[in-house]
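Data first, discussion second: the structure below is written as structure tokens.
The values are calculated or read from the model by the stated rules, or taken from the named source; none is laboratory data. Just so you know, these numbers come straight off a predicted model, no measurement behind them. When we count neighbours, we look across all protein chains shown, and the Cβ atoms used for this are built from the backbone with ideal geometry, even at glycine.
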Amino acid sequence: MSIEIERNETEDVKVNLTLVSQQIDQLVQQYKRKEGCVRLLAVSKTKPLSALEAAYSAGQRAFGENYVQEAVDKCHALAHLADIEWHFIGPIQSNKSRLIADTMHWVHSIDREKIARRLSDQRSVDMPPLNVCIQVNISGEDSKSGVTLSELGAMVDLIRTLPNLCLRGLMAIPAPQENSAAQCAVYEPLVKAFLELSKSDIMIDTLSIGMSGDLPAAIQSGSTMVRVGTAIFGSRDYSAKM
Ligand SMILES: *Cc1c(COP(=O)(O)O)cnc(C)c1O
């Protein structure tokens with residue numbers, strides 16, 4: 001048995017949220033971005049409901065989850081917190097798309113045509129359109145999901161024809177680099193593609209990049225939504241995953 005150090009989860013989450021928000025504000029100033037232009041998504045995968053409730057009581061509203069069943073269970077369990085915004089950020093198997101279409105407000109991980117079509121078909125017309133980001137593979141590793149930059153245009157065109165999806169922007173999970181400059185260099189082609197799209201008649205406003213380990217590079221590069229787990233909720237113990 002491992003030795004557990006007694007901790008006050010609610011207090012820890014609250015303090016961490018404040019620290020992360022302060023770091024974001026400071027980076028926004030440092031890189032001369034517009035005040036308030038970077039939203040914080042609290043990535044709560046593998047974390048218990050109590051951790052999400054702690055973040056909620058500290059004012060956090062947007063939560064990111066990676067595993068479909070876990071996301072749906074949490075969404076139902078916290079249904080009384082009506083203004084929570086659920087973001088799905090993990091890989092999507094097509095047989096799970098309906099669960100996502102039924103519960104989530106956002107999906108950041110659209111990486112193929114079939115998934116986009118299914119989500120739009122399965123989204124109830126009684127719900128607002130599902131906000132989506134296209135996941136772009138910018139590290140060029142076969143193991144990472146996402147469309148390539150050369151496939152991006154076709155995916156954008158497709159999503160714009162799908163009635164129950166609202167295209168909000170692009171998302172990426174780059175391979176970690178040794179320093180901030182190298183991380184920015186990896187982001188550069190994505191940022192260029194995002195700016196190109198923003199200049200066209202397509203209304204997109206979201207560049208979903210930045211995690212606990214690369215906030216400075218992401219915010220310097222133009223992130224509008226950072227997805228932060230560890231820095232808010234502590235490290236994840238996968239053996240305890242629900
Ligand atoms: C887990 C995860 C995060 C958060 O990562 P941290 O390093 O814990 O901040 C962000 N985005 C995605 C897609 C993730 O799977």
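Only residues in the stretch 66-79 that are at negative phi count as the first member; pair them with residues that are among the β-branched types (Val, Ile, Thr) and not in a helix (DSSP H, G or I), Cβ under 7 angstrom, at least 6 apart or cross-chain, and list the lot.
Qualifying pairs under 7 Å: Asn66/Ile89; Leu78/Ile84.
Inside the stretch 5-49, can you point out the residues that are among the polar types (S, T, N, Q), within 16 Å of the ligand (Cβ to nearest atom) and in a loop (DSSP other than H, G, I, E, B)?
Within the stretch 5-49, Ser44, Thr46 qualify.
If I ask for residues that are in a helix (DSSP H, G or I) and buried (at least 16 other Cβ atoms within 10 Å of the Cβ), which ones from the stretch 50-59 would you list? Please lay out each step first, then the result.
Initial filter on the stretch 50-59 (in a helix (DSSP H, G or I)): 50-57.
Across the stretch 50-59, the qualifying residues are Ala51, Leu52, Glu53, Ala54, Ala55, Tyr56.
Among the numbered criteria (1) closer than 17 Å to Glu113 by Cα; (2) within 14 Å of the ligand (Cβ to nearest atom); (3) basic (Lys, Arg), which single criterion is violated by Arg160?
(2)
More than 30 Å from Ala54 (Cα to Cα), within 15 Å of the chain's Cα centre (by Cα) and either crowded, with 19+ Cβ neighbours inside 10 Å or within 16 Å of the ligand (Cβ to nearest atom) (or both): is that true of Ser180 in this structure?
No, not satisfied.
Name the residues in the stretch 204-225 that are part of a helix (DSSP H, G or I) and under 14 Å from the mean Cα position of the chain (by Cα), would you?
Leu215, Ala218
Select from the stretch 184-203 the residues that are assigned to a helix (DSSP H, G or I) and touching a helix residue (DSSP H, G or I) at 6+ places or on another chain (Cβ under 7 Å) and write down the one among them that is surrounded by the most Cβ atoms within 10 Å (Cβ to Cβ).
Pass one, the stretch 184-203, residues assigned to a helix (DSSP H, G or I): 184-199.
Checking which are touching a helix residue (DSSP H, G or I) at 6+ places or on another chain (Cβ under 7 Å) leaves us with 184, 187, 189, 191, 193, 197.
On the way: Cys184: 18, Tyr187: 25, Pro189: 13, Val191: 19, Ala193: 19, Leu197: 20.
This residue is Tyr187.
Look at the stretch 61-78 and say how many of its residues are more than 14 Å from the ligand (Cβ to nearest atom), under 23 Å from Glu11 (Cβ atoms) and not small (Gly, Ala, Ser).
Counting residues in the stretch 61-78 that are more than 14 Å from the ligand (Cβ to nearest atom), under 23 Å from Glu11 (Cβ atoms) and not small (Gly, Ala, Ser) gives 3.
What are the residue pairs meeting all of these: first residue in the stretch 101-129, first residue more than 15 Å from Asp157 (Cα to Cα) and among the small types (Gly, Ala, Ser), second residue modelled with pLDDT of 95 or more and not in a loop (DSSP other than H, G, I, E, B), Cβ atoms under 7 Å, and 6 or more apart or on different chains?
Pairs found: Ala101/Leu119; Ala101/Gln122; Ala101/Leu130; Ser109/Phe88; Ser109/Gln135; Ser109/Met171.
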